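S.K.: First the structure, which I've put down as structure tokens, then a few questions once you've had a look.
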Amino acid sequence: MRLFIALYFEATVVAKLSAIQEDFKAHYQARYVPKNQLHMTLHFFGDVESSKAAVIKNIVKELPFTNQPLHFEKLDAFQRPNGKILYLKVNSETLINVEKILRLALKKQGFYVHQKTFKPHITLARNLHIPNAAFKSQQATFTSFQAKPLKIALIKSTLTPKGALHTPIFERQVTEKTSYAPS
């Protein structure tokens, strides 16, 4: 099964993200992330044996994560052959440290852990076709904001002709502190 670990946000934040998407949808074609699937990926596994899901669930359950505000600082995009990927850049040292702890815990359990630098963001659209000047104009209208994550989840992603379907395997609120630290 195809798995990833993600953060989800409360309805007011999702509404703000969706409003940004709507500004683009009015003028530009893209594959927009469905409102109910807007999230921040902490780790993408790809295909994993079903028996390993319980191990990942336990790591997510114990991951030290509090609901400190994250700074959504910039609307940005990077170019791909099929168009731009539109995303919101998030600035948070706490989040970067949590991702490092997550990586260590996964590695300790024998999971492959990529060596790429974690760049916290929320993808809003893929295959966006927009002229650079128009994009810069859209960027200029963005106002940074802060928001607290609502929950962390282990998600099963099933690819379909209409796009990915996300099904939570495990989720927990991030309001409480935990004492987990990988040894």
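The values are calculated or read from the model by the stated rules, or taken from the named source; none is laboratory data. Just so we're clear, the structure is a prediction, and the values are computed from it rather than from any experiment. Here the Cβ positions follow ideal geometry from the backbone for every residue, glycine too, while neighbour counts run over all protein chains shown.
S.K.: Among the numbered conditions (1) exposed (fewer than 15 other Cβ atoms within 10 Å of the Cβ); (2) out of contact with any Lys or Arg (no Cβ under 8 Å at 6 or more places or on another chain); (3) at pLDDT 95 or above, tell me where Asn97 comes up short.
M.R.: If we test Asn97 against (1) exposed (fewer than 15 other Cβ atoms within 10 Å of the Cβ); (2) out of contact with any Lys or Arg (no Cβ under 8 Å at 6 or more places or on another chain); (3) at pLDDT 95 or above, just (3) comes out false.
S.K.: How many residues does region 113-126 contain that are within 21 Å of Val14 (Cα to Cα) and either touching a Lys or Arg at 6+ places or on another chain (Cβ under 7 Å) or modelled with pLDDT of 95 or more (or both)?
M.R.: Here the count works out to 7.
S.K.: Tally up the residues in region 59-77 that are surrounded by 15 or more Cβ atoms within 10 Å (Cβ to Cβ) and part of a helix (DSSP H, G or I), please.
M.R.: 3
S.K.: Within region 134-153, count every residue that is aromatic (Phe, Trp, Tyr) and closer than 16 Å to Phe72 by Cβ.
M.R.: Residues in region 134-153 being aromatic (Phe, Trp, Tyr) and closer than 16 Å to Phe72 by Cβ: 2 in total.
S.K.: Considering only residues that are among the β-branched types (Val, Ile, Thr) and over 16 Å from the mean Cα position of the chain (by Cα), look in region 59-87 and name the one that is farthest from Leu102 (Cα to Cα).
M.R.: The qualifying residue farthest from Leu102 (Cα to Cα) is Thr66.
S.K.: Could you check region 78-87 and list, in sequence order, the residues that are free of Cβ contacts under 8 Å to residues at least 12 places away in the same chain and either assigned to a helix (DSSP H, G or I) or not aromatic (Phe, Trp, Tyr) (or both)?
M.R.: The answer is Gln79, Pro81.
S.K.: For Val90, state whether it is assigned to a strand (DSSP E or B) and touching a strand residue (DSSP E or B) at 6+ places or on another chain (Cβ under 9 Å).
M.R.: For Val90, the condition - assigned to a strand (DSSP E or B) and touching a strand residue (DSSP E or B) at 6+ places or on another chain (Cβ under 9 Å) - is met.
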